[in-house]
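What follows is a set of notes on a single structure, which appears directly below.
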2 protein chains.
Amino acid sequence: MNAEILCIGTELLLGNVVNTNAAWLSQQLARLGINVFHHTVVGDNSQRLEEALQIAFDRADLVITTGGLGPTYDDLSKETVSNYFNRQLVLHQPSLEKIHEFFAKRPYSMVPNNEKQAYQPEGAVVFTNHSGTAPGAAIEQDGKVAIMLPGPPREMKLMFEREVLPYLQKFSDHVIVSRDLQLFGIGESLTEALLKDLMTSSVNPTLAPYAKEGEVNLRITASAATQAEGYAMMEPLMEKINKLVGQYIYGIDVPDLQTALVTYLLEHHITVSAAESCTGGLVSKSITDIPGCSDIYPGGVCSYSNEMKMKWLHVSPATLQIHGAVSEETALEMAQGIRQATGSDLGVSTTGVAGPDGGTAEKPVGLVYVAVAGENYQHVEKLNISYGELTTRSMIRQRATKHALYQLLQAAKRLKR
Amino acid sequence: MNAEILCIGTELLLGNVVNTNAAWLSQQLARLGINVFHHTVVGDNSQRLEEALQIAFDRADLVITTGGLGPTYDDLSKETVSNYFNRQLVLHQPSLEKIHEFFAKRPYSMVPNNEKQAYQPEGAVVFTNHSGTAPGAAIEQDGKVAIMLPGPPREMKLMFEREVLPYLQKFSDHVIVSRDLQLFGIGESLTEALLKDLMTSSVNPTLAPYAKEGEVNLRITASAATQAEGYAMMEPLMEKINKLVGQYIYGIDVPDLQTALVTYLLEHHITVSAAESCTGGLVSKSITDIPGCSDIYPGGVCSYSNEMKMKWLHVSPATLQIHGAVSEETALEMAQGIRQATGSDLGVSTTGVAGPDGGTAEKPVGLVYVAVAGENYQHVEKLNISYGELTTRSMIRQRATKHALYQLLQAAKRLKR
């Protein structure tokens, strides 16, 4: 079964909203083994929508629309899809009641147009909207299937997961499963160079690298009759990858470094604290993003000024004067200082020049020191993480933060050896 | 002139990458007064790409492609576009030299396939790639224009801004200008209710609201012969909006709350510090996102544990015992405490239940206190920022952070009155 995703909304064509719906739906359909060959975006315009729908059904069996289900005159999805299938719009009583219920709970009142949302194509399967007023619907006819979903991503996702996924199962005869290997400390080019032969020779499962800011993700994807079969098919490829780049893999099927770190710390009851200068709170924020972190993270400081570095972290005035705030020595004293202040097993620190201004010939933008300190252990890394004019302050701070999280993870593993 | 954006890449159809290029290009074209009526995404497949290009030129004068300019066999943009216009691919010597230069600076070496990227359609205008190896190109013929850009967003944007924008000026006879009014403390529904008549009656300029996490953005867009004329056309509408929701507007044409805050603090030489519990560093991170913040932000603490609240902020043990960490009293002592620790003009604090676990009947997930303290001023706000099952930890932390930034901005303005 081939599918097209047809997203409707002038705000998408003006570029005011990024179309995240198409990517999300594509991932969901891939898991069902339904091939997506086209995404189309069209505005809230009757004629262009009609034409786009015609083109979509000329080349796909399943068309999923998002948007155009709202209460106003320019919401045209149901009208256009109904016309395509020669169906009438009829009042769907359960939808009307749900809409009344929705407004009963809200501080603002229903407008007559909201009732328009309760009209559905005759004979359609109606999908409940669990977080908004616009129901969705599906029509099957002559081997073609149209599914209409609301535009707001949260409404769309909830409806898809709870209503559409069970509905679509009947069209799927195989599953696509994937695993994500997360790498840190190796660039995308080198990863590709090392894995090039594997990448080109692997057909099912396939192997594809994706670069994220400072990280590399290797995705293995298999198509099989069952999930178990799919995962089994991946094993030999996983082994080969491990031989080539295993030393850089910090996690499998974990979303990111901070989740891998906090999970490890929680499992091994290791506490950590952060003292941040150039990252300004981003390390602390990243750790506390993860639920349950309070068991392993008593806190941290953002010591932006030298005064606070001395006061909170007992960095010595001499160190700051002789070596400067951006130095190996200051980084180490900060890491030791935060560890002592909080009593954590490990302390981590960042100090550097995040830019865009403040760089000098000796200490340019992108120079960052990351240090980790434990009871009988300390380690500091000097990083140059600016790659020229395209590197932003935000990228430098993100990369420095990833290095800090990675160093904490490495130090935590060392504690357990 | 009408345009279609045709994005090429199987990774987009698998949902592995969100298509941000289409939205970004649409914004750029809107500024030139070029209407975008369709976005299409198609995979790295010769036949489907050819068909998509045909459909695009059937309905648009200008087609901008992204992706498919890489060195491998499945990069097909130039081949397909050349075929459409009946042109040959010929070696473009300056591009070949640039590619050689690019690799000369890199630690990895050039593969023969990279030379493929130096071949361009005969008679094309070639665009330099300022951060990668694939040049772009434009072909004009019979009233149709094709522009081919690389897929990686950074390469694409830089090429567009430096090379394509000057090239496209000749097709543009008017400009679209827009202004963004930023509102905080009012919901999207109420904003829409208050501005509904204005929104429906305004044609040029238009008025549209966009909700961002906890904020509302009002965008006014005018189409005119010149920028100055466009801005002048907006004035009467701006006045009407000001009368209706002026009290909620915290900034005009500023990207976000933290920029508005840091800009104001820098202008008025007011220093601030943050003491964070549930936001875990996000307030500090948000402030330090903005270059130049070191002049107004000496630092802050993430006092996640009660111990650190006492040690760093001198929150009294009695307060923690009687009222608990999540309380008005603790929030106020934290704000006062960080102010005293750093000597800042203003201290801000957050304490709450970010979830997903840890909520009780008395102190549910989403309960957050935000306090601000100055020399003769203190203010605390009790927030309930969970709206049910769809609210995530990340959303609660984001919203609490915005409230903290907004309260700081209000307190800073009060200092200046």
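The values are calculated or read from the model by the stated rules, or taken from the named source; none is laboratory data. Owing to the predicted nature of the structure, the values given are computational and were not obtained by experimental measurement. Glycine gets a Cβ as well: all are built from the backbone with ideal geometry, and neighbour counts include every protein chain shown.
For this structure, a couple of remarks:
- Residue, surrounded by the most Cβ atoms within 10 Å (Cβ to Cβ), within segment B:43-77, restricted to residues that are facing another protein chain (nearest Cβ under 9 Å) and in contact with a strand residue (DSSP E or B) (Cβ under 6 Å, 6 or more places away or on another chain): B:ALA52
- Residue ranges of helices (runs of 4 or more DSSP H) in segment B:135-218 with at least 3 members hydrophobic (A, V, I, L, M, F, W, C): B:153-159, B:188-201
- Counting only residues that are at the interface with chain B (Cβ under 7 Å from one of its Cβ atoms) and over 12 Å from B:GLY281 (Cα atoms), segment A:253-282 holds 0 of them.
- Matching residues in segment A:159-168 - criterion: being out of contact with any helix residue (DSSP H, G or I) (no Cβ under 7 Å at 6 or more places or on another chain) and surrounded by 19 or more Cβ atoms within 10 Å (Cβ to Cβ): A:MET159, A:GLU163, A:VAL164, A:LEU168
- Meets criteria (at the interface with chain B (Cβ under 10 Å from one of its Cβ atoms), under 17 Å from A:THR271 (Cβ atoms) and touching a strand residue (DSSP E or B) at 6+ places or on another chain (Cβ under 6 Å)) for A:VAL348: no
Per-residue answers, yes or no, for (1) among the polar types (S, T, N, Q); (2) within 30 Å of the chain's Cα centre (by Cα); (3) at positive phi; (4) not assigned by TED's automatic domain parsing to the domain that holds A:ASP289:
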residue: A:ASN306; (1), (2), (3), (4): yes, no, no, no
residue: A:VAL326; (1), (2), (3), (4): no, no, no, no
residue: A:ALA341; (1), (2), (3), (4): no, no, no, no
residue: A:THR401; (1), (2), (3), (4): yes, yes, no, no
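- Filter pass, B:LEU53 being within 20 Å of A:ASP58 (Cα to Cα), in the same structural domain as B:MET156 (by TED's automatic domain parsing) and not β-branched (Val, Ile, Thr): yes
- Per-region count, segment B:199-217, residues surrounded by 15 or more Cβ atoms within 10 Å (Cβ to Cβ), on the phi < 0 side of the Ramachandran plot and either away from every other protein chain (no Cβ under 12 Å) or touching a His at 6+ places or on another chain (Cβ under 7 Å) (or both): 5
- Close contacts from segment B:269-295, counting a first residue that is without any contact (Cβ under 8 Å) to a residue 12 or more places away in the chain and a second that is buried (at least 24 other Cβ atoms within 10 Å of the Cβ) and in a helix (DSSP H, G or I), with Cβ to Cβ under 6 Å and a gap of 6+ residues or different chains, come to B:LYS285/A:LEU282; B:LYS285/A:LYS285.
- Subset of segment B:238-271 (residues that are polar (S, T, N, Q) and either surrounded by fewer than 19 Cβ atoms within 10 Å (Cβ to Cβ) or assigned to a loop (DSSP other than H, G, I, E, B) (or both)): B:ASN242, B:GLN247, B:THR259, B:THR263, B:THR271
- Segment A:110-156 - residue that is charged (D, E, K, R) and over 29 Å from the mean Cα position of the chain (by Cα) and, of those, surrounded by the fewest Cβ atoms within 10 Å (Cβ to Cβ): A:ASP142
- For the residues A:GLU163, A:GLU122, A:GLU140, A:GLU192, the requirement of being farther than 30 Å from A:LYS212 by Cβ, without any contact (Cβ under 8 Å) to a residue 24 or more places away in the chain and not hydrophobic (A, V, I, L, M, F, W, C) singles out A:GLU140.
- Given (1) surrounded by fewer than 19 Cβ atoms within 10 Å (Cβ to Cβ); (2) polar (S, T, N, Q); (3) within 25 Å of B:ASP44 (Cβ to Cβ), number of the condition B:SER172 does not satisfy: (3)
- All conditions in (1) more than 7 Å from chain A (Cβ to nearest Cβ); (2) out of contact with any Leu (no Cβ under 7 Å at 6 or more places or on another chain); (3) more than 24 Å from A:PRO291 (Cβ to Cβ) hold for B:GLY324, with the sole exception of (3).
- Top-ranked residue of segment B:9-50 - restricted to ones that are of a type in the set (S, T, N, Q) and out of contact with any helix residue (DSSP H, G or I) (no Cβ under 9 Å at 6 or more places or on another chain), ranked as farthest from B:LEU149 (Cα to Cα): B:GLN47
- In segment B:283-314, the residues that are within 7 Å of chain A (Cβ to nearest Cβ) and over 26 Å from B:GLY355 (Cβ atoms): B:PRO291, B:SER294, B:TYR297, B:PRO298, B:GLY299
- Scanning segment B:252-285 for residues that are modelled with pLDDT under 95 and at positive phi yields a single hit, B:ASP253.
- Test result for B:ALA3, facing chain A (nearest Cβ under 7 Å), crowded, with 21+ Cβ neighbours inside 10 Å and under 26 Å from the mean Cα position of the chain (by Cα): no
- Boolean, B:VAL370 is surrounded by fewer than 24 Cβ atoms within 10 Å (Cβ to Cβ) and β-branched (Val, Ile, Thr): no
- The lone exception for A:LEU183 - which of (1) in contact with a Ser or Thr (Cβ under 7 Å, 6 or more places away or on another chain); (2) within 14 Å of another protein chain (Cβ to nearest Cβ); (3) closer than 30 Å to A:ASN242 by Cα it fails: (2)
- Within segment A:17-42, the set of residues being over 21 Å from the mean Cα position of the chain (by Cα) and more than 10 Å from chain B (Cβ to nearest Cβ) comprises A:GLY33, A:ILE34.
- Residue match in segment B:19-34 (condition: over 20 Å from B:ARG154 (Cα atoms), hydroxyl-bearing (Ser, Thr, Tyr) and in the same structural domain as B:GLU163 (by TED's automatic domain parsing)): no
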